[in-house]
1. Can you tally the net charge around residue 93? Count Lys and Arg as +1, Asp and Glu as -1, for every other residue whose Cβ sits under 15 Å from the Cβ of residue 93.
2. If you add up the charges near residue 35, with Lys and Arg at +1 and Asp and Glu at -1, over every other residue whose beta carbon is less than 12 angstrom from its beta carbon, what do you get?
3. Could you work out how far helix 3-27 tilts from the main Cα principal axis of the chain, as a 0 to 90 degree angle to the nearest 10?
4. In whole angstrom, note down how far apart the Cα centers of the range 8-31 and the range 57-124 are.
5. State the three equivalent ellipsoid semi-axes of the chain, derived from the C-alpha gyration tensor as the square roots of 5 times its eigenvalues, in descending order and whole Å.
6. For the chain, what % of the accessible area comes from carbon and sulfur atoms, probe 1.4 Å?
7. Just subtract the alpha-carbon distance of residue 50 and residue 99 from 0.36 nm times their residue separation and send over the number in nm, one decimal.
8. For the chain, what does the helix formula give at 222 nm: sum of -39500 (n - 2.57) over DSSP H segments with n ≥ 4, over the residue count, nearest 500 deg cm²/dmol?
Amino acid sequence: MRLSDLLLILVSVALSASGQLLLKLGASAPAVRGAIAGGAPGERLVALATTPALVGGLMVYALSAAAWIVVLSKLDLSLAYPFVGLGFVVTFLIGVLLLGEPASAGRLAGTLLIAGGAVLVARG
(Lines give C-alpha, C1' and ligand atoms only; values in the text may rest on other atoms or scores of the structure.)
Protein backbone atom coordinates (compact mmCIF):
# COMPACT_ATOMS: atom_id res chain seq x y z
CA MET A 1 0.00 0.00 0.00
CA ARG A 2 1.33 3.40 -0.94
CA LEU A 3 1.73 6.12 1.66
CA SER A 4 -0.74 8.33 -0.22
CA ASP A 5 -3.39 5.60 0.01
CA LEU A 6 -2.79 5.18 3.74
CA LEU A 7 -3.05 8.93 4.26
CA LEU A 8 -6.32 9.02 2.34
CA ILE A 9 -7.68 6.22 4.53
CA LEU A 10 -6.64 8.13 7.65
CA VAL A 11 -8.29 11.31 6.33
CA SER A 12 -11.49 9.38 5.72
CA VAL A 13 -11.40 7.89 9.23
CA ALA A 14 -10.67 11.29 10.82
CA LEU A 15 -13.49 12.94 8.89
CA SER A 16 -15.88 10.17 9.85
CA ALA A 17 -15.01 10.50 13.55
CA SER A 18 -15.28 14.30 13.34
CA GLY A 19 -18.67 13.96 11.69
CA GLN A 20 -19.80 11.66 14.50
CA LEU A 21 -18.67 14.23 17.08
CA LEU A 22 -20.65 16.98 15.36
CA LEU A 23 -23.70 14.74 15.05
CA LYS A 24 -23.52 13.94 18.77
CA LEU A 25 -23.20 17.62 19.68
CA GLY A 26 -26.15 18.46 17.46
CA ALA A 27 -28.27 15.61 18.78
CA SER A 28 -27.58 16.83 22.31
CA ALA A 29 -28.80 20.37 21.59
CA PRO A 30 -31.87 21.27 23.67
CA ALA A 31 -33.97 22.15 20.61
CA VAL A 32 -33.26 18.78 19.02
CA ARG A 33 -33.83 16.81 22.22
CA GLY A 34 -37.11 18.60 22.81
CA ALA A 35 -38.32 18.09 19.25
CA ILE A 36 -37.41 14.41 19.29
CA ALA A 37 -39.00 13.85 22.69
CA GLY A 38 -42.36 15.33 21.91
CA GLY A 39 -42.48 17.52 18.87
CA ALA A 40 -44.71 17.13 15.87
CA PRO A 41 -43.05 15.61 12.77
CA GLY A 42 -42.67 19.03 11.14
CA GLU A 43 -41.12 20.47 14.29
CA ARG A 44 -38.67 17.58 14.40
CA LEU A 45 -37.63 18.13 10.82
CA VAL A 46 -37.11 21.88 11.35
CA ALA A 47 -35.05 21.25 14.51
CA LEU A 48 -32.87 18.74 12.69
CA ALA A 49 -32.42 20.86 9.56
CA THR A 50 -31.61 24.07 11.43
CA THR A 51 -29.11 22.77 13.98
CA PRO A 52 -25.66 23.81 12.74
CA ALA A 53 -23.81 20.91 14.37
CA LEU A 54 -26.13 18.37 12.73
CA VAL A 55 -25.87 19.98 9.32
CA GLY A 56 -22.09 20.31 9.69
CA GLY A 57 -21.82 16.72 10.88
CA LEU A 58 -23.67 15.48 7.83
CA MET A 59 -21.45 17.55 5.55
CA VAL A 60 -18.25 16.27 7.17
CA TYR A 61 -19.61 12.73 7.04
CA ALA A 62 -20.33 13.21 3.31
CA LEU A 63 -16.72 14.32 2.78
CA SER A 64 -15.62 11.20 4.62
CA ALA A 65 -17.74 9.07 2.29
CA ALA A 66 -16.26 10.81 -0.75
CA ALA A 67 -12.72 10.13 0.50
CA TRP A 68 -13.70 6.52 1.17
CA ILE A 69 -15.00 6.12 -2.38
CA VAL A 70 -11.62 7.26 -3.66
CA VAL A 71 -9.94 4.72 -1.37
CA LEU A 72 -12.18 1.95 -2.67
CA SER A 73 -11.39 2.92 -6.26
CA LYS A 74 -7.70 2.29 -5.56
CA LEU A 75 -7.54 -0.62 -3.10
CA ASP A 76 -9.10 -4.00 -2.54
CA LEU A 77 -12.03 -3.84 -0.14
CA SER A 78 -10.51 -6.59 2.00
CA LEU A 79 -7.37 -4.49 2.45
CA ALA A 80 -9.05 -1.11 3.02
CA TYR A 81 -12.01 -2.04 5.19
CA PRO A 82 -10.13 -3.18 8.31
CA PHE A 83 -8.92 0.40 8.69
CA VAL A 84 -12.51 1.40 9.40
CA GLY A 85 -11.86 -0.18 12.81
CA LEU A 86 -9.61 2.79 13.55
CA GLY A 87 -12.75 4.89 13.53
CA PHE A 88 -14.02 3.00 16.57
CA VAL A 89 -10.83 3.83 18.43
CA VAL A 90 -10.84 7.50 17.45
CA THR A 91 -14.55 7.85 18.24
CA PHE A 92 -14.05 6.16 21.62
CA LEU A 93 -11.24 8.60 22.42
CA ILE A 94 -13.33 11.58 21.31
CA GLY A 95 -16.20 10.44 23.51
CA VAL A 96 -13.99 10.00 26.55
CA LEU A 97 -11.63 12.95 26.12
CA LEU A 98 -13.89 15.60 24.60
CA LEU A 99 -17.37 14.63 25.76
CA GLY A 100 -16.52 13.24 29.18
CA GLU A 101 -18.15 9.88 28.49
CA PRO A 102 -17.27 7.01 30.83
CA ALA A 103 -14.35 4.76 29.87
CA SER A 104 -15.15 1.50 31.56
CA ALA A 105 -12.82 -1.47 31.38
CA GLY A 106 -15.32 -3.26 29.14
CA ARG A 107 -15.56 -0.39 26.66
CA LEU A 108 -11.79 -0.05 26.56
CA ALA A 109 -11.29 -3.79 26.10
CA GLY A 110 -13.91 -3.95 23.35
CA THR A 111 -12.34 -1.02 21.53
CA LEU A 112 -8.89 -2.59 21.76
CA LEU A 113 -10.25 -5.91 20.47
CA ILE A 114 -11.76 -4.14 17.46
CA ALA A 115 -8.48 -2.35 16.77
CA GLY A 116 -6.49 -5.57 17.20
CA GLY A 117 -8.82 -7.43 14.88
CA ALA A 118 -8.45 -4.72 12.26
CA VAL A 119 -4.67 -5.01 12.47
CA LEU A 120 -4.81 -8.80 12.11
CA VAL A 121 -7.10 -8.65 9.10
CA ALA A 122 -5.01 -5.95 7.43
CA ARG A 123 -1.79 -7.93 7.95
CA GLY A 124 -3.27 -11.24 6.80
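The values are calculated or read from the model by the stated rules, or taken from the named source; none is laboratory data. As the structure is a prediction and not an experimental result, all values here were calculated from the model. Heads up, the Cβs are rebuilt from the backbone with ideal geometry, glycines too, and the neighbour counts pull from every protein chain shown. The area values use the complete protein model at the heavy-atom level, side chains included, leaving out ligands, DNA and RNA. Shrake-Rupley method; radii C 1.70, N 1.55, O 1.52, S 1.80 Å.
1. That sum, taken over residues with Cβ under 15 Å, equals +1.
2. On the way: positive: 33, 44; negative: 43.
Within the 12 Å Cβ shell, the charges total +1.
3. Tilt of helix 3-27: around 20 degrees.
4. Answer, in whole Å: 12.
5. On the way: eigenvalues 190, 74, 22 Å².
Semi-axes (√(5λ), whole Å): 31, 19, 10.
6. The computed percentage sits at 74.
7. Details: separation 49, 0.36 × 49 = 17.64 nm, distance 2.23 nm.
Here the answer is 15.4 nm.
8. Helices in the chain give a 222 nm mean residue ellipticity of -27000 deg cm²/dmol.
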